[in-house]
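Q: Below is the structure I would like to discuss, written out as structure tokens.
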Amino acid sequence: MKVLEERIREEGLILSDTVLKVDSFLNHQVDTQLVLKIGEEFGRIFGHLPVTKVLTVEASGIQFAMAAGIALGVPFIYAKKKKAVTQAEDVYSAPVHSFTRQEDYRISISQKYLGPGDKVLIVDDFLATGAALVGLADIVNESGAELLGVGCVIEKSFQEGRSLLEARGIAVHALARIASMSPGEVHFIGNPDTAEIIKESVEC
Ligand code: 5GP
């Protein structure tokens, strides 16, 4: 998605070879118009599938799942990271290791909102190690619902997330795929810059 790649180039802060900060337009302050466009793009990619629910994890996936849910005309559910006192009912849950926070936590959703007969699209902001999305996929399996695919806004393709999900037979679509990055530069898969770099390395 060109407009997304441009914003990452212009405003993304690359903190290291593995961590990209997009707090000015996606993760802290949120560009609402861009998020709606992201939702429409997910609608375009997944609109032919009979999705009944979009699923994500709080907090950074919520706006994208909502935009995708609007585009697809279905509700979205966000998995909670801590069990609240209001969440007294039975839950599906799965353990997750956080890449950015370097800690383990459990995600859970109420059994009331997902079950056999549901067809699920998982949406999240980043695909990195894949731990969060594998946790969500486990929850979908446990519920008896069917997982139709995964949509993520930014994929760091140099990390193992995509291959982990594809090894489980899950179809993954990412709107911006980062081949490599380092402070001050970012290369996207499918971007002419990247093609140039690959060509140069082949010629060397
Ligand atoms: P995972 O490693 O499970 O694929 O990533 C889980 C979550 O960590 C993502 O949903 C995202 O919220 C966060 N995350 C992973 N890599 C990055 C990154 O480079 N930048 C930011 N801002 N968040 C990230």
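Q: Which one is farthest from the ligand (Cβ to nearest atom) among residues in region 1-37 that are small (G, A, S) and out of contact with any Leu (no Cβ under 6 Å at 6 or more places or on another chain)? Before the answer, list the steps.
A: Initially, region 1-37 is screened for residues small (G, A, S), giving 12, 16, 24.
The next check asks that each one be out of contact with any Leu (no Cβ under 6 Å at 6 or more places or on another chain); those that pass are 16, 24.
Values: S16: 9, S24: 11 Å.
The selected residue is S24.
Q: For L127, state whether it is at pLDDT 95 or above, near the ligand (Cβ under 8 Å from one of its atoms) and hydrophobic (A, V, I, L, M, F, W, C). Break it down stepwise before answering.
A: Working: at pLDDT 95 or above: yes; near the ligand (Cβ under 8 Å from one of its atoms): yes; hydrophobic (A, V, I, L, M, F, W, C): yes.
When the stated conditions are applied, L127 passes them.
Q: G151 - would you say it is in contact with a helix residue (DSSP H, G or I) (Cβ under 6 Å, 6 or more places away or on another chain), under 30 Å from I8 (Cβ atoms) and within 10 Å of the ligand (Cβ to nearest atom)?
A: On the way: in contact with a helix residue (DSSP H, G or I) (Cβ under 6 Å, 6 or more places away or on another chain): yes; under 30 Å from I8 (Cβ atoms): yes; within 10 Å of the ligand (Cβ to nearest atom): no.
No.
Q: Going through region 1-46 one residue at a time, which ones are under 20 Å from G149 (Cβ atoms) and outside any helix (DSSP H, G or I)? Before you say what the answer is, go through the steps one by one.
A: Of region 1-46, the ones under 20 Å from G149 (Cβ atoms) are 1, 4, 35, 37-46.
Passing the criteria: only M1.
Residues are listed down the side, and each one gets a yes or a no for (1) under 23 Å from A71 (Cβ atoms); (2) buried (at least 20 other Cβ atoms within 10 Å of the Cβ):
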{"position": "D125", "(1), (2)": "yes, yes"}
{"position": "A128", "(1), (2)": "no, yes"}
{"position": "A131", "(1), (2)": "no, no"}
{"position": "N141", "(1), (2)": "no, no"}
{"position": "G151", "(1), (2)": "yes, yes"}
{"position": "I154", "(1), (2)": "yes, yes"}
{"position": "G169", "(1), (2)": "no, no"}
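Q: Scan region 158-184 residue by residue and report those that are touching a helix residue (DSSP H, G or I) at 6+ places or on another chain (Cβ under 9 Å), part of a strand (DSSP E or B) and of a type in the set (G, A, S).
A: A174, A176, A179, S180
Q: With respect to L55, is the statement that it is within 17 Å of H173 (Cα to Cα), buried (at least 21 other Cβ atoms within 10 Å of the Cβ), touching a strand residue (DSSP E or B) at 6+ places or on another chain (Cβ under 9 Å) and of a type in the set (A, V, I, L, M, F, W, C) true? Even if it seems obvious, please write down each step before you answer.
A: On the way: within 17 Å of H173 (Cα to Cα): yes; buried (at least 21 other Cβ atoms within 10 Å of the Cβ): yes; touching a strand residue (DSSP E or B) at 6+ places or on another chain (Cβ under 9 Å): yes; of a type in the set (A, V, I, L, M, F, W, C): yes.
Spelling it out, L55 is indeed within 17 Å of H173 (Cα to Cα), buried (at least 21 other Cβ atoms within 10 Å of the Cβ), touching a strand residue (DSSP E or B) at 6+ places or on another chain (Cβ under 9 Å) and of a type in the set (A, V, I, L, M, F, W, C).
Q: Would you confirm, using the coordinates I've provided, whether A137 is under 19 Å from Q111 (Cα atoms), free of Cβ contacts under 8 Å to residues at least 60 places away in the same chain, surrounded by 18 or more Cβ atoms within 10 Å (Cβ to Cβ) and out of contact with any His (no Cβ under 7 Å at 6 or more places or on another chain)? So that I can check it myself, show each step before the final result.
A: On the way: under 19 Å from Q111 (Cα atoms): yes; free of Cβ contacts under 8 Å to residues at least 60 places away in the same chain: yes; surrounded by 18 or more Cβ atoms within 10 Å (Cβ to Cβ): yes; out of contact with any His (no Cβ under 7 Å at 6 or more places or on another chain): yes.
Judged against the criteria, A137 is a match.
Q: For region 139-146, state whether one or more residues are out of contact with any helix residue (DSSP H, G or I) (no Cβ under 6 Å at 6 or more places or on another chain), within 16 Å of the ligand (Cβ to nearest atom) and modelled with pLDDT of 95 or more. Outline the logic, then answer.
A: If we filter region 139-146 for residues that are out of contact with any helix residue (DSSP H, G or I) (no Cβ under 6 Å at 6 or more places or on another chain), which is where we start, we get 139-146.
Checking which are within 16 Å of the ligand (Cβ to nearest atom) leaves us with 139-140.
Of the ones still in play, those that are also modelled with pLDDT of 95 or more are 139-140.
Yes, some residue in region 139-146 is out of contact with any helix residue (DSSP H, G or I) (no Cβ under 6 Å at 6 or more places or on another chain), within 16 Å of the ligand (Cβ to nearest atom) and modelled with pLDDT of 95 or more.
Q: Does at least one position in region 62-69 carry a residue that is modelled with pLDDT of 95 or more, surrounded by fewer than 20 Cβ atoms within 10 Å (Cβ to Cβ) and closer than 30 Å to F188 by Cβ? Explain how you work it out, then say what you get.
A: Step one: filter region 62-69 for residues modelled with pLDDT of 95 or more, giving 62-69.
Going one step further and asking which of them are surrounded by fewer than 20 Cβ atoms within 10 Å (Cβ to Cβ), we end up with 62, 66.
Narrowing the set further to residues that are closer than 30 Å to F188 by Cβ leaves 62, 66.
Looking through region 62-69, at least one residue is modelled with pLDDT of 95 or more, surrounded by fewer than 20 Cβ atoms within 10 Å (Cβ to Cβ) and closer than 30 Å to F188 by Cβ.
The values are calculated or read from the model by the stated rules, or taken from the named source; none is laboratory data. Keep in mind that what you see is a predicted model, and the values were worked out from it rather than measured. Here Cβ is always computed from backbone atoms with ideal geometry, including for glycine, and neighbour counts include all displayed protein chains.
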